[in-house]
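What follows is one structure encoded as structure tokens, with my remarks underneath.
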Number of protein chains: 2
Amino acid sequence: MSAPTKPQTPNTAELPGYRVELGVDEPLHLDCGVPLGPFTMAYQTYGRLNEAKSNAILVCHALTGDQFLAGDHPVTGKKGWWDVMVGPGKALDTDRYFVIGCNLIGGCMGTVGPTEINPAKDRPYALDFPVITIGDMVKAQKLLIDHLGIGRLFCVIGGSMGGMQALDWAVRYPERVFTAVPIATAARTSTQNIAFHEVGRQAIMADPDWCGGNYLIEGKRPHRGLAVARMGAHITYLSETALHRRFGRNLQDRKNFTYGFEADFQVESYLRHQGVAFVDRFDANTYLIITRAMDYFDLAEEHGGGVLAEAFQGTEVRFCLISFTSDWMFPTAESRGLVHALNAAAANVSFVEIESDQGHDSFLLDIPEYHKILSGFLAGAADHLVRCGTKAPSADG
Amino acid sequence: MSAPTKPQTPNTAELPGYRVELGVDEPLHLDCGVPLGPFTMAYQTYGRLNEAKSNAILVCHALTGDQFLAGDHPVTGKKGWWDVMVGPGKALDTDRYFVIGCNLIGGCMGTVGPTEINPAKDRPYALDFPVITIGDMVKAQKLLIDHLGIGRLFCVIGGSMGGMQALDWAVRYPERVFTAVPIATAARTSTQNIAFHEVGRQAIMADPDWCGGNYLIEGKRPHRGLAVARMGAHITYLSETALHRRFGRNLQDRKNFTYGFEADFQVESYLRHQGVAFVDRFDANTYLIITRAMDYFDLAEEHGGGVLAEAFQGTEVRFCLISFTSDWMFPTAESRGLVHALNAAAANVSFVEIESDQGHDSFLLDIPEYHKILSGFLAGAADHLVRCGTKAPSADG
């Protein structure tokens, strides 16, 4: 056996931002039956919470996101994953709103998860960390919102798996949510998406350096398996049109085929880079656990006895759903199904399908129409709050 | 190191069917610059070659196919991959036509490839076997057709990568082909398909048991990596609709989630089975080499100076193109692009898009409209041959 190498997970205790202990008095009861707590949640805030605490927006992140929405990311050195969306004058206008990003439970950026120390064993949880659900993520976030003293979120928003959390919030805690914006998402994970998740998980678990989940304890990292998982998933985030326009069949730094297995094509080089960069910032067991949480998500089954509209009965949450024309992982049909169910429940719902050829990743991008619709929806909701006598959700409110 | 285990590649010398030595007088000059020969090609025939040798149909197989088109497969024990299509009274009617299936060069079912013995080293070629192209496959097949004394194929037909070979045949040896039937294919491999191939290759090469390609020599097999590659590819062969209808979110032999990483969902169990079954009949290096050959395929670039229509200038081959509505790997747009180019070259071309929700795998299936169109096209082409004074392409001709 080779000598243990230093695990490359960032030392999350040194990350900037806030950390809070939650579940202290009462543990969080996870859907799998395991109690979790006390546990740490790492979060970031942008903008200022007004006195009425009426201007808070909770941003729920997707599979590989984290709490660092905007500005420089302390681990990657790149911009936060929603820097185009969160900031002064942007759609989630931090001159007006108090924007909260928190790392999910099960994550790997400071919130409790497989890479954090399991106090019962004084070593990383690894796969002693339980398999969680989207509902568990939301229940943990709700403890954070309680901690911040926010009675009702002005908005809960997220794309992809973040949108699943936004939906779960609206259904689980309708009185705590004024508006919900589920973007590029679905009320349940499709068969095809479960299938792609399973391939990614098998790639990780096939890597001998995964060590049955105990790689951190063994001083190894399943880099190859995690990179393969990321490469496969990355294709699904893009449209064929976007891939073709960006890379076509262009060769990478060469004029002729090598008749070998180097990255002859630019798209190969790009995917390899995506894989390599990913393993430096992400954890393999987190990947397993979070994809599993997505697989299990089925809003109708859990909250509507199998009927989606039942999950929304009597809701006063104002919904804005957004999908993208070229998203084949969470196609418009999924959002449309949600809209039908919301209409059947006589809910207040807006829905827009945005023209974009960038695939599922569109929700991360600076697409003017998309941002305009979002800021317009939020402004309209804020006006409604004022008309109803609540103080305006602004930083000065 | 663990003791070498017996490689599970079938002993191809014991397989039924024909084997012929080709490239004896003159080696096959591969596109990569390497001469290949003499080399063995394994093939099967169905039906009887008529005296005029005017009734021969060459079936080109796809990535994981082989020469066993119909009847029981000697390795898998299942039916041949095109048993629904090839046989008495079927679309490729063996009462009328002489149907030839041959294993591609680079394959692993008896034709020269990475699993066969490299006479220069008295051990399996492994990755000493050169990276080949679709054109190389066709050039090798042409030596077989020469060997059989067939001047002109009545038809060359194939789906997916088999369709690429059919196109290459028509362009490379137009005088040797009366009709060409490229099904569910494209004139070049798309960026997205190259990307998926690359993920599969990386999964194989990430498996330590791949041993840099020398697993047969080391007595190992990269089963885990090859299974992951197969699982990922298999998703792309099906449509989301077909996956959903077949598996939905149904659980596998259980009523509740396990909150673990067993195959909770039927679709997971199915994919795992696909992966496991595949490694018993297929070779990892062959998978690398054949996917690479697909990546390199670009008919316009190689034969038309970048203009697809130029590749078909003056062709007298009669084409019948078929695509399937739900095929997202080789969508109808690819076939339509081919039809436009053929029309621009004033070629004789029929094109049908078949309604099917089964995805790319539709080309393998028993879809009545598809088979009817195919047998109708072949019958019409046979009538035309007779009108032109050639003896009818029938077993009695």
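Readers should treat all values here as calculations from the given coordinates under stated rules, not as data from a laboratory. The structure displayed is predicted, hence computed values, not measured ones. With ideal geometry, Cβ positions are generated from the backbone for all residues, glycine too; neighbour counts draw on all protein chains shown.
Computed over the alpha-carbon atoms, the stretch B:1-160 gives an Rg to Rh ratio of 0.99, Rh here being the Kirkwood radius from the mean inverse distance. About the centre of its Cα atoms, the protein assembly as shown shows a dipole size close to 100 debye [charges on the beta carbon of Lys, Arg (+1) and Asp, Glu (-1) only; nearest 20 debye]. Could you sort out which of B:Lys53/B:Lys139; A:Lys79/A:Lys372; A:Lys53/A:Lys139 sit more than 23 Å apart by Cα distance in this structure? Over 23 Å Cα-Cα: none of the listed pairs.
Distances between every pair of Cα atoms in the stretch B:193-292, grouped in 5 Å steps from 0 to the bin holding the largest one, split as 2, 13, 20, 20, 16, 13, 9, 5, 1, 0 percent. Over all alpha-carbon pairs in the stretch A:22-78, figure out the percentage whose distance exceeds 14 Å. Of the Cα pairs, 70 percent sit more than 14 Å apart. Each principal axis of the Cα cloud of chain A was taken in turn, and the coordinate range along them, longest first, works out to 68, 52, 42 Å.
Only lysines eight or more places from A:Lys220 in sequence, or on another chain, were considered; those with a Cα closer than 22 Å are A:Lys6, A:Lys121. DSSP assigns beta bridges within chain A; of those with both partners inside it, close to 40 percent run antiparallel. Which residue, A:Phe319, A:Phe278, A:Phe68, tops the fluctuation ranking in a GNM of chain A built on C-alpha contacts under 10 Å? Maximum fluctuation in the GNM of chain A, among the listed residues, is at A:Phe278. Bridges between two residues of the protein assembly as shown, per DSSP, are antiparallel at a rate of about 40%. Using the rule -39500 (n - 2.57) for each DSSP H run of four or more residues, divided by the residues of chain B, the 222 nm mean residue ellipticity is -10500 deg cm²/dmol. The spacing between the stretch A:224-290 and the stretch A:17-68, judged by their C-alpha centroids, is 32 Å. Annotation: the stretch A:246-397 has a Kirkwood hydrodynamic radius of 19.6 angstrom, from the mean reciprocal C-alpha pair distance.
Would you mind counting up the charge near A:Pro38? Only other residues with Cβ under 15 Å from its Cβ, with Lys and Arg at +1 and Asp and Glu at -1.
Details: positive: A:Arg19, A:Lys139; negative: A:Glu21, A:Asp25, A:Glu26, A:Glu116, A:Asp146.
Taking every other residue near A:Pro38 into account, the sum is -3.
Dipole check for the stretch A:193-292: with +1 at the C-beta of Lys and Arg, -1 at the C-beta of Asp and Glu, and the Cα centre as origin, the magnitude is about 240 Debye. Of the residues A:Thr45, A:Ala344, A:Pro393, the one whose Cα sits farthest toward the positive end of the charge dipole of the protein assembly as shown, with +1 on the Cβ of Lys and Arg and -1 on the Cβ of Asp and Glu, is A:Thr45. Charged side chains reduced to their Cβ positions (Lys and Arg at +1, Asp and Glu at -1) give chain A a dipole of some 540 debye around its Cα centre. Treating the Cα atoms of the stretch B:44-106 as identical point scatterers in vacuum, please give the log10 of the normalised Debye intensity I(q)/I(0) at q = 0.13, 0.22 Å⁻¹, two decimals. The Cα Debye sum returns log10 ratios of -0.32, -0.85. Per residue of peptide A:227-239, the mean number of Cβ atoms on other chains within 10 Å of the residue Cβ is 5.
A cut-off under 13 angstrom between Cβ atoms defines the neighbours of A:Pro331, and their net charge, with Lys, Arg +1 and Asp, Glu -1, is -3.
Working value for the protein assembly as shown: equivalent-ellipsoid semi-axes of 53, 29, 22 Å, each the square root of 5 times a Cα gyration tensor eigenvalue, largest first.
Counting beta carbons within 10 Å around each of B:Asp327, B:Asp31 and listing the fewest first gives the order B:Asp31, B:Asp327.
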